[in-house]
1. Please list the non-local residues whose amide H lies under 5 Å from the amide H of F137, H modeled 1.01 Å from N, same-chain partners needing a gap of 5 or more.
2. Which three lengths, in whole Å and largest first, does segment 93-144 cover when its Cα atoms are put on their principal axes?
3. Show me, bin by bin at 5 Å from 0, the whole-percent P(r) of the chain based on Cα pairs.
4. Taking only protein heavy atoms and a 1.4 Å probe, what accessible area per residue, in Å², does the chain have with all protein chains in place?
5. Ordering W101, W32 by how much accessible area each has at a 1.4 Å probe, largest first, what is the list?
6. Please list, ordered by chain and number, the residues whose modelled amide H lies under 5 Å from the amide H of F160; skip anything fewer than 5 residues away on the same chain.
7. For helix 73-90, what angle does its Cα long axis make with the longest principal axis of the chain, in degrees from 0 to 90 and rounded to 10?
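The values are calculated or read from the model by the stated rules, or taken from the named source; none is laboratory data. Being a predicted model, the structure only gives us computed values, none of them experimental. We work out accessible area using only protein heavy atoms, side chains counted, and drop any ligands, DNA or RNA first. Shrake-Rupley method; radii C 1.70, N 1.55, O 1.52, S 1.80 Å.
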Amino acid sequence: MKLNELIEKYGEYEVKEGFMDLLEKPKPKSVWDLKNGDVYYFLTSYGYVMKTVWVDTDADNEKLSIGNAFLTEEDAEFAREHLKVITELKKYAKEFSDEDWAQNNCVQKYYIYYNWSNGEVFANYDYYTSYGNQLLFESGEKTQKAIDAVGEERIKKYYFGVKG
């Protein structure tokens, strides 16, 4: 129950000594709401999940600015697995040159596609469109090799963020 609900219901009651010890500080709704004394988690350079307290130092703010601050241990563990999946997929990916992207070159660039309507993961391709941080592959076979090596379920969960 929230304090304002208690006040509304029991506003006329007297408060005894020690009542404040029963109150729990509200937890931040996102990492952007972290305040001094809030607990948060981050990944070390070795990939370990560490728990720490926000004290608004340069180190705290640097972690936040690069996406390495998490409200829960589970969120940090998810981020670690997300990075692992991307790294494993990069073994099979290719960086295409500017020439490969030229309008008259018609080089197929394959990517991993997730169909939300049927839950399937498969290789698809495009000639001219790049979708930000999407990993690209030089053939459908290499894309499928990457899918097989990493596993469809891990790709769904950690690359596409599919829950359940």
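1. Amide H to amide H, under 5 Å and 5 or more residues apart or across chains, F137 pairs with K94, Y110, Y111.
2. 35, 19, 18
3. Per 5 Å bin, starting at 0, the Cα pair percentages come out as 1, 7, 13, 13, 11, 11, 11, 9, 7, 5, 3, 3, 2, 2, 1, 0.
4. Details: 12030 Å² over 164 residues.
Value returned for the chain: 73 Å² of accessible area per residue.
5. On the way: W101 65, W32 180 Å².
Descending accessible area places them as W32, W101.
6. Answer set, sorted by chain and number: none.
7. Taking the Cα atoms of the chain, the angle to 73-90 is about 10 degrees.
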